[in-house]
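The values are calculated or read from the model by the stated rules, or taken from the named source; none is laboratory data. Just so you know, these numbers come straight off a predicted model, no measurement behind them. Note: ideal-geometry Cβ built from the backbone for every residue, glycine included; neighbour counts use all protein chains shown.
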Amino acid sequence: SFKLLGFLDVKSVPCARESVLYGSLGSLVVGLGHFLATSRVRRSCDFAVGGFICTMLGYWFYCRYNLAQHRIRQRMLKEGMRNKILFEGSSLDPERKQTGNERSDS
């Protein structure tokens, strides 16, 4: 496994690998673009580091937000499936059509 900054295990943390990869690509694009525009090496390296940090953090938050949304939808679907199995065929089943005899019993 690869540890970033000595403590962030890129392999086991969700979204870490993609964030580092997109950050590297952003760093290359920003640094090279600034160098081609100004021909200043040191300043281009500074921009590259800034591009890495901004791209990595931007994608990190985007990915974690989508992951949280996905987990919420999964939890809701799991609960809905459990309720469907629990109430299926009973008088509490919302999909069951009630007949006249069942209505008078309730």
**Message:** Only one of T38, T55 is exposed (fewer than 14 other Cβ atoms within 10 Å of the Cβ), free of Cβ contacts under 8 Å to residues at least 40 places away in the same chain and polar (S, T, N, Q). Can you tell me which?
**Reply:** T38
**Message:** If I ask for residues that are aliphatic (A, V, I, L, M) and either at pLDDT 75 or above or under 34 Å from the mean Cα position of the chain (by Cα) (or both), which ones from region 56-106 would you list?
**Reply:** M56, L57, L67, A68, I72, M76, L77, M81, I85, L86
